[in-house]
Amino acid sequence: MILPKIKVLRSHGKQYIPDLDAVELTEEFRGRPHLTETPDTADLERAAAICPTGALTTAPLSLDLGRCLFCGECARTAPRNIRFTNDYRIGSPTREGLVVRPGDKCVRFDPAAVRPEIGRYFGRSLQLREVCAGGDASVEMELNATGNVNFDLGRYGIGFTASPRHADGVVVSGPITVNMAEALRICYDAVTDPKILVVCGSEACSGGLFAGSRAVDRTFFDTHAADLWLPGAPTHPMTFIDGILNLLGKKKRE
């Protein structure tokens, strides 16, 4: 009985990733964009015109990852100006940090913007309650994948819990619909202080395609400051893991 199982294990190979810092995603992955200014802005203007969320601006040139859907249309329209790299390290402790400009070689993670008590209280153990506030469940699938055998987020003492009473913070995804606005507030208030707030996915960061919809209520962010902003449509597991580890002071982004 054991021989068939050994054959399966050998055919699958090693799925566990020993060193997550050494992960390099496929070149086809769309991560941090690299922007280049050119005298001729005709292609850029066409790219900005077709951007469905207004993430791309031309004067001055910038790309807001919090609005970006990573569809790649802007790079196909203006290849001289926009190129998506496979860099998944794109989380930021501030919303402004998600705006990429020409010359930026990374999305900077400013440790000075992180509350000092976060690393002190949650550096060894962190349990999070995820709230899908009207999303399409794509972010949730990626968050589930962080606990898979390959990523194994639990190795850092970080995981997800079903009850806000057992949680140290909230991860919110989705644009926050009117029907979920109160539920999100109730869940967040149920988490005892001190707590953290993580905004995960482009829809949560800006509203995404639904930013101007009357079915969306984003007033939650008028009274609640986020500790970590993670773009992506959806957010890749490595983007989430890198962002959380930087937030807790377990690593530094070079």
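A few comments on the model shown:
- Set Lys105/Lys251; Lys14/Lys195; Lys7/Lys251 screened for pairs whose C-alpha atoms are more than 30 Å apart: Lys14/Lys195; Lys7/Lys251
- In region 1-45, taking the dipole from charged Cβ atoms about the Cα centre, the farthest positive-side position among Pro18, Phe29, Val8 is held by Val8.
- Region 1-120 - percent of accessible surface contributed by carbon and sulfur, probe 1.4 Å: 56
- DSSP-defined beta bridges in the chain - what % are antiparallel, rounded to 5: 40
- Dipole-positive endmost among Ala226, Leu65, Ile158 within the chain (Cβ charges, Cα centre): Ile158
- Using a probe of 1.4 angstrom and keeping all protein chains present, the accessible surface of the chain works out to 51 square angstrom per residue.
- Estimated dipole of the chain in Debye, rounded to 20 [Cβ of Lys and Arg +1, of Asp and Glu -1, Cα centre]: 720
The values are calculated or read from the model by the stated rules, or taken from the named source; none is laboratory data. Note that the structure is predicted; figures quoted are calculated from it, not measured. FYI the Cβ positions are ideal-geometry reconstructions off the backbone, even for glycines, and counts take in every protein chain you see. For the accessible areas, the whole protein counts, side chains as well, though only heavy atoms, and no ligand, DNA or RNA atoms are used. Shrake-Rupley method; radii C 1.70, N 1.55, O 1.52, S 1.80 Å.
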